[in-house]
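Written below as structure tokens is the structure these notes are about.
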Amino acid sequence: MKKLLLLIFLTTTICIGQSKEERQAILDAKKNGTYNKKKDNKIVNETYAASNGVVYHVGDTITLGRGSSPNGDFNYLQMGGFYNTLSVLNGEYDDIASSIGRNYSGLNVEIKKIKEINFKGASKVIFVVGGGNITNYNLMIEDAISTCEIKNCSDTYNKPQIVYQKQEDKYDKLKKVKELLDTGVLTQEEFENEKKKLLESE
């Protein structure tokens with residue numbers, strides 16, 4: 001029995017624990033300011049380089065834009081809490097009882113913490129922000145940037161989409177008239193008259 005308990009204890013210690021050298025290396029790196037747990041994910045020393053070109057730091061202030069839901073509420077700014085964060089990551093906006101209303105538009109929030117959540121194989125960077133009251137909020141920063149829920153957002157979301165339609169030249173029109181002839185809508189004589197008009201114009 002003693003051997004079994006000892007075996008379980010040692011197995012747990014070996015599987016979970018870090019070596020003394022690993023712990024010491026991490027402590028030394030933290031003292032030197034070179035420790036970077038999230039180096040590959042753009043989170044470096046409590047800063048985050050976002051897709052809008054802004055480098056956010058803990059303590060920075062972010063001005064909220066307008067909510068991206070149809071009624072103007074914020075989809076990517078949620079009252080803090082694990083359940084709400086998972087609901088947003090799953091896309092279940094209707095189930096969230098604590099989504100932030102449109103009256104928060106223009107409010108300044110302060111970044112209190114920058115963290116990363118891995119969910120269903122994807123990682124999301126979330127800012128824990130304070131809005132001047134007792135409650136903390138979770139801001140999914142990249143989603144908020146892409147939908148302009150913050151002021152420094154991607155320019156393409158706010159700009160109207162302009163679609164240029166190619167102007168038809170006489171040959172495009174002639175092709176359409178030929179299709180009408182092929183389908184039997186026009187007779188050969190009508191086709192020749194239309195063809196003559198099109199080739200003489202322009």
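The values are calculated or read from the model by the stated rules, or taken from the named source; none is laboratory data. Not measured: the values here are computed from a predicted model. FYI the Cβ positions are ideal-geometry reconstructions off the backbone, even for glycines, and counts take in every protein chain you see.
Among all positions in segment 51-61, there is no residue which is at pLDDT below 85, over 15 Å from residue 143 (Cβ atoms), assigned by TED's automatic domain parsing to the domain that holds residue 126 and among the acidic types (Asp, Glu).
On inspection, residue 126 fails the criterion of being of a type outside the set (D, E, K, R), modelled with pLDDT of 85 or more, within 21 Å of residue 106 (Cβ to Cβ) and assigned by TED's automatic domain parsing to the domain that holds residue 107.
Looking at 157, 137, which is the one that is surrounded by 10 or more Cβ atoms within 10 Å (Cβ to Cβ), at pLDDT below 90 and closer than 20 Å to residue 57 by Cα?
137
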